[in-house]
Amino acid sequence: MTTTRTIDTDIAIVGGGIMGASAALALRRKGVAVVLLERDLCGSRSSGVNYGGVRRQGRPVSQLPLAQRAHQVWANLPALIGTDGEYQRSGHFKIGRSEADMAALEAYANLSSDFDLGIQLISGATLRERCPWLGGRAVGGSLCPDDGQANPRLVSPAFALAARRAGAQILERTPMTSVEHDGKVFTVRSGNTLAVRAPVLINCAGAWAGALAAQFGEAVPIHSGHPAMAVTEPLPFFMHWSLGVEGGGIYCRQVARGNLVLGGGAGVALDADRARSERSAIATLAVQAVELLPALKNAHFIRTWSGTEGYLPDRQPVLGKSHTTPGLIHGFGFAGAGFQIGPGVGEVLAELARDGRSTTPIDAFAIERFLPTTVAEVASTAAAH
Amino acid sequence: MTAPTLQPVIVGAGPAGIRAAQTLVAHGVRPVVIDEAARGGGQIYRRPPAHFARNPQTLYGTEASRATDLHSVFDSLQTQIDYQADSLVWNAQAGLLDVLHGPTQTTRTVPYGQLIVASGATDRVLPVPGWTLPGVYTLGGAQVALKFQGCTIGRNVVLMGTGPLLYLVAYQYAKAGTTVAAVLDTARFADQLTALPGMLTQPAVLAKGLYYVGWLRAHGVALHTGVRPVRIQGDTRVNAVVWSDGQREHTVPCDAVGFGYALRSETQLADLLGCQFAWAPMHRAHLPERDGAGRTSVAGVYLAGDGAGIMGADAAEWAGERAALALLADHGVKVDAARAAELERKLTKLMPFRQGLERAFPFPADWAVNAPDALVVCRCENITAGELRACARDAGADEMNRLKALTRVGMGRCQGRMCGVGAAEILAHATGKPIDAVGRLRGQAPIKPIPIHLQAQAEAAE
Ligand SMILES: Cc1cc2nc3c(=O)[nH]c(=O)nc-3n(C[C@H](O)[C@H](O)[C@H](O)COP(=O)(O)OP(=O)(O)OC[C@H]3O[C@@H](n4cnc5c(N)ncnc54)[C@H](O)[C@@H]3O)c2cc1C
Ligand SMILES: Cc1cc2nc3c(=O)[nH]c(=O)nc-3n(C[C@H](O)[C@H](O)[C@H](O)COP(=O)(O)OP(=O)(O)OC[C@H]3O[C@@H](n4cnc5c(N)ncnc54)[C@H](O)[C@@H]3O)c2cc1C
């Protein structure tokens, strides 16, 4: 007979991606007891396999307060998590391929002007001078000098490791298999070996967070997506900026070792947990990459991969308190863009968990936006009793 | 009844792939045969470019008649198969293979309903300090140079490691007029003695092995067993090998080194196709699972030859034929059941000999213990044993994919096909886990690096 280990704690977190792990770390820094359950290894999913773009430029304005908060955390990364995770403020350059693109980039620069992103529009001779390696299709672009890139394989697990060093109980290879709420305390179980009891539960289960929300009457239209990624062999270093393209499509960056990491298009799901880059996506990436960076013409791809990420229809996350269940807090659905804001989200989740509210505006991410009004109202009155 | 639409694809034109193709053709089925090499024959019966004039006797020695037989079988099949030479299968998913044609640098997608993977093996490498110096080759690489290009890796060579190929390559090199400065076998003489009973089940093969050893001795080649490689020495290229007999160190001057520890299966294709893997203790590797006929866990995908576990060339021929029979039977084609049973019997009967070989040339299980921290394990990414150990210790990595994520081991051009074995041994030792428990690197396309440019061309042409 197996004995069930029971742990009583202040906060339980499900999911050890960058959201869950940075929340655990932020909570420990506030002195709060926390237990995190990760069914696999921390940072082994989206958070560890993403492209590594650490960019604010291009985000919806509603996300910019969060992105700015995260930007501060990124600045102190080595002190916080014990590694620089290859984080560099190398600049993020968004390429325009037409006058319409340039107009859109200019409009974004104006729209985000309250947030001090330092965006510079570059075109014509200046562009050719600063980046002779750009192919002919680029007519100009928009540079955010303090945006950059990092190595997600290193950064995300390091958040979990730092949280553990700070006293969080990080339980890896420990899937949450069921959860109950008795009105005051959540009991999160992993099979019949573990029960974690806590008055507060944070749902950071990434693309798999929907089931937990649904169990508490908050089914949201979340679906999985699989960005396609590829990397070249090391090439002589030529490109400092991380590149994106206005209107989407391809993005790429060169790491210090010389490899170019490229993303764009969609991969295919192998099953609910795993995905890989798809052949046609790799081919499309290749065409666009050579067009953008002629220097890649004679390079080789040495690896391709993908990941599984949660998307909501408006491509905004669900971040905030449950509408139905006191003590339940959600942080999921980052639509392929959660890496940069992750450390900010962690702090916000920690505030919500301990103080019940956050100093960063997050109303745009409330789960209510997906709940039928009537149900939501009924639920909220129920919760008030 | 022959299903008229049946056009299976065979990957690999070594002994396994060729016999599979022959069997399919004999049953009225026309297969596609895709092989990375320029000419059929596989590793053991690798053919030199057509204009080379050396005779089979010089090239294949005692295996000359088998080689010519297999080559002529393959040549005779040409009008009945769709043969794609110089073609690397670089990616696979259910029902589709992506194939890169080397000479024209184009890629194309080949659909399949049934697939026989006969992808063979490559050397199993365990690094030794200095192994990245110019002049150092794998044993198989040294042999390929001889067979394919008709040249040797040096004038005065040391051959080191363990496995049957060690003595075979030494013999072939000496016969070709190269000075073999020493053969350094990490297996002990006592290992060879305890292996005898198993080896005696294939007396002819055993006799061949003993013949090579006797011939080398008779020709004054220094043979040492129970050695521990210490380092390969040199400034700009190798000039000596230092080894230990447990008591003291010895230095053998040389200008080239061939080294390797038997072979490892090429399993990436099976992995990309989603075949289930399991730990195979005899092979000390995670291998795709298959039944006695070669059926994998994925319907329509069959395995044959060294790519499913190192069993040697004869077994590869039998397994190729057996897999083809299974494929045919699974599609309602009438096959000779007695022949199928006989092939399975032959394959089973080979097991004691295979076990004997493992006993005679055991994997040097103490390799990881002795690997110095400064030893480069992954040469693509320049990752040392010390970095791998530190990662296990400080970051708690206890599984291969995590080790890869954190250190970059296996992330370079070879994708772990060379460094994976050594890295797993280091990780197992560092974590105190049994070797099977550290898992295996997940396969990722492309199987080998593919030119971006080529991709672009193919797409634009569509
Ligand atoms: C290929 C790719 C490229 C991307 N590129 C970028 C980029 O360049 N920039 C950027 O900002 N963002 C990028 N993103 C998005 C970013 O990676 C994600 O938004 C972010 O990592 C989400 O973090 P998370 O913690 O919510 O999810 P995850 O990292 O997926 O973590 C969720 C965790 O929950 C665990 N879990 C699930 N169910 C359970 C359970 N029942 N019990 C226990 N644990 C459970 C999972 O195992 C997983 O580890 C990319 C994403 C992908 C997939
Ligand atoms: C370098 C080397 C030398 C050897 N020398 C000897 C020897 O002298 N004597 C001996 O008894 N045994 C030798 N062996 C072992 C012997 O090769 C095998 O036992 C035997 O050849 C196995 O036959 P096979 O058909 O399974 O594979 P192989 O003969 O290895 O044939 C596999 C074929 O598949 C092709 N292939 C693999 N992957 C792909 C892909 N993704 N796309 C397209 N094509 C692919 C390869 O290019 C190769 O032509 C050697 C092995 C190696 C690796």
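The values are calculated or read from the model by the stated rules, or taken from the named source; none is laboratory data. In this text the structure is predicted, and so the values were computed from the model without any measurement. Because the Cβ atoms are built from the backbone with ideal geometry, glycine has one as well, and the counts that use them run over all protein chains shown. The area values use the complete protein model at the heavy-atom level, side chains included, leaving out ligands, DNA and RNA. Shrake-Rupley method; radii C 1.70, N 1.55, O 1.52, S 1.80 Å.
The mean count of C-beta atoms from other chains within 10 Å of the C-beta of residues in A:271-281, rounded to a whole number, is 3.
Using the empirical formula 2.2 N^0.38 Å as the baseline, the Cα radius of gyration of the range A:289-336 reaches a ratio of 2.01.
Derived scalar couplings between HN and Hα for the range A:176-181 equal 6, 9, 7, 9, 10, 9 Hz in order, rounded to whole Hz, by the Karplus curve 6.51 cos²θ - 1.76 cosθ + 1.60 (θ = phi - 60°), x for Gly and Pro. Across all Cα atoms of the range B:1-143, the radius of gyration (one decimal) and Dmax (whole number) stand at 17.0, 60 Å.
A 1.4 Å probe run over the protein chains yields, for the range B:339-462, 40 Å² of accessible area per residue, whole-number rounding. Put simply, the C-alpha atoms of chain A give a gyration tensor, and the ellipsoid matching it has half-axes of 38, 22, 19 Å, longest first. For the range B:95-140 and the range B:37-69, what is the separation of their Cα centres, given in Å? Centre-to-centre distance over Cα atoms comes out at 20 Å.
Atom-type composition of the exposed protein surface of the range B:171-286 places 56 percent of the accessible area on carbon and sulfur (1.4 angstrom probe). Here the accessible area of the range A:132-260 is 56 percent carbon and sulfur, with a 1.4 angstrom probe and all protein chains present. At a threshold of 10 Å², the residues of the range B:361-401 that become less accessible to a 1.4 Å probe in the full protein assembly than in their chain on its own are B:C380, B:E381, B:D394, B:A395, B:D398, B:E399. Within the range A:297-311, the residues that become at least 30 Å² less accessible when every protein chain is included than when their own chain is isolated (1.4 Å probe; DNA, RNA and ligands ignored) are A:K297, A:H300, A:F301, A:I302, A:R303, A:T304.
Rounded, prolate or oblate: pick one for the range B:129-177, where a ≥ b ≥ c are the square roots of the eigenvalues of its C-alpha gyration tensor, a/c under 1.5 means rounded, and failing that, prolate if a/b is larger than b/c, else oblate. In terms of gyration-tensor shape, oblate.
Between the residues A:G82, A:S358, A:Q57, the greatest Cα displacement towards the positive end of the dipole of chain A, with unit charges on the Cβ of Lys, Arg, Asp and Glu, is found for A:G82. Which of the three applies to chain B, rounded, prolate or oblate, going by the alpha-carbon gyration tensor with a ≥ b ≥ c and a/c under 1.5 meaning rounded? Cα axes put chain B in the prolate bin. The packing ranking, built from the mean of other Cβ atoms within 10 Å per residue, places the peptides B:259-272, B:12-25, A:230-243 in the order B:12-25, B:259-272, A:230-243, highest first. Could you work out [θ]222 nm for the protein assembly as shown from helices alone, using -39500 (n - 2.57) per DSSP H run of at least four and dividing by all its residues? Round to the nearest 500 deg cm²/dmol. After summing the helix terms and dividing by residue count, I get -10000 deg cm²/dmol. Per residue, the solvent-accessible area of the range A:175-251 (1.4 Å probe, heavy atoms of protein chains only, all protein chains present) comes to 38 Å².
At a 1.4 Å probe radius, which order do B:R354, B:R54 fall into by accessible area, largest first?
Largest accessible area first, the list is B:R54, B:R354.
Summing both sides, the accessible surface hidden between B and A at a 1.4 Å probe radius is close to 3000 Å². Please name which of A:M239, A:N192, A:F216 has its Cα lying farthest along the dipole of the range A:167-245 towards the positive end, using unit charges on Cβ (Lys, Arg +1; Asp, Glu -1) and the Cα centre as origin. So the residue we want is A:N192.
Just to check, using Stokes-Einstein with a Kirkwood Rh over alpha carbon pairs, what's the diffusion coefficient of the range A:1-97 at 37 °C and 0.692 mPa s in µm²/s?
Value of D from the Cα-based Kirkwood radius: 205 µm²/s.
For the range B:406-415, putting each phi into the Karplus relation 6.51 cos²θ - 1.76 cosθ + 1.60 with θ = phi - 60° gives couplings of 8, 10, 6, 5, x, 9, x, 4, 7, 6 Hz, in residue order, rounded to whole numbers and with x for Gly and Pro.
Couplings for the range B:355-370, taken from phi via the Karplus curve 6.51 cos²θ - 1.76 cosθ + 1.60 with θ = phi - 60°, read 5, x, 4, 4, 6, 5, 10, x, 4, x, 5, 8, 4, 5, 4, 8 Hz in order; Gly and Pro are left as x. Taking amide hydrogens as placed 1.01 Å from N in the peptide plane, the amide H of B:I10 sits under 5 Å from those of B:V32, B:V33, B:I34, B:I116, each at least 5 positions away in sequence or on another chain.
Can you give me the angle between helix A:373-384 and the longest principal axis of chain A, using Cα atoms only, in degrees from 0 to 90, rounded to the nearest 10? It works out to around 50 degrees.
Evaluated over the Cα positions of the range A:147-285, the convex hull gives a direction-averaged projected area, one quarter of its surface, of 12.1 nm².
Measuring max minus min along each principal axis, the C-alpha atoms of the range B:199-303 give extents of 54, 40, 25 Å (largest first).
Mean separation of Cα pairs under 8 Å and 6 or more residues apart, divided by the residue count, gives the range B:89-141 a relative contact order of 21 percent. With R₀ set to 35 Å, the beta-carbon distance separating B:Q355 from B:C151 gives a calculated FRET efficiency near 0.45. Here the range B:358-462 is treated as an ellipsoid with the same Cα gyration tensor; its semi-axes, largest first and in whole Å, are 31, 16, 13. In the structure displayed, which of A:K321/B:K404; A:K30/A:K321; A:K94/A:K321 lie more than 25 Å apart, Cα to Cα? Those over the limit are A:K321/B:K404; A:K94/A:K321.
Close amide H partners of B:I383, meaning residues 5 or more places away or on another chain with modelled amide H under 5 Å apart, are B:V377, B:C378.
Across the residues of A:44-53, average count of Cβ atoms on other protein chains within 10 Å? Please list the in-between numbers first.
Values: counts 4, 0, 0, 0, 4, 1, 0, 0, 0, 0.
Mean shielding by partner chains, rounded to a whole number: 1.
Direction-averaged projected area, Cα convex hull, the range B:78-207: 12.8 nm², rounded to one decimal. Highest mean first, the peptides A:314-320, B:212-218 sorted by other C-beta atoms within 10 Å per residue fall in the order A:314-320, B:212-218. Think of the protein assembly as shown as having a plus end and a minus end, set by charges on the Cβ of Lys, Arg, Asp and Glu; of B:Y261, B:I452, B:P8, B:Y261 sits farthest toward the positive end of this dipole. Entry for the protein assembly as shown at q = 0.08, 0.09 Å⁻¹: log10 I(q)/I(0) = -0.80, -0.98, Debye formula applied to identical alpha-carbon scatterers, no solvent contribution. Based on the alpha-carbon gyration tensor of the range B:147-249 and its eigenvalue square roots a ≥ b ≥ c, which shape applies: rounded if a/c is under 1.5, prolate if not and a/b is larger than b/c, or oblate? Oblate is the answer for the range B:147-249, as a/c is 1.5 or above yet b/c matches or exceeds a/b.
Based on C-alpha pairs under 8 angstrom that are at least 6 apart in sequence, chain A has a relative contact order of 24 percent.
Contact order normalised by length for the range B:344-433, with contacts defined as Cα pairs under 8 Å and 6 or more residues apart; what percent is it?
For the range B:344-433, the relative contact order is 28 percent.
Averaged over its residues, the range B:156-271 has an accessible area of 42 Å² per residue, based on protein heavy atoms and a 1.4 Å probe.
Enumerate the amide H contacts of A:D40 below 5 Å, restricted to partners 5 or more residues apart or on another chain; note that Pro and chain-start residues carry no placed amide H. Under 5 Å from the amide H of A:D40 lie the amide H atoms of A:R173, A:T174, each far enough along the sequence or on another chain.
Seen from a random direction on average, the alpha-carbon convex hull of the range B:264-319 projects onto 3.5 square nanometres. What the Cβ-Cβ distance of B:Q247 and B:A50 gives, at R0 = 51 Å and to the nearest 0.05, is a FRET efficiency of 0.45.
Within 10 Å of each Cβ in peptide A:224-230, how many partner chain Cβ atoms are there on average? Round it to a whole number, please.
Shielding by partners across A:224-230 averages 1.
Legend note: in chain B, cysteines whose Cβ sits 4.7 Å or more from every other cysteine Cβ are B:C151, B:C254, B:C275, B:C380, B:C391, B:C414.
Dimensions of the range B:158-210 from C-alpha coordinates, computed as largest minus smallest value along each principal axis and given longest first, are 34, 22, 11 Å.
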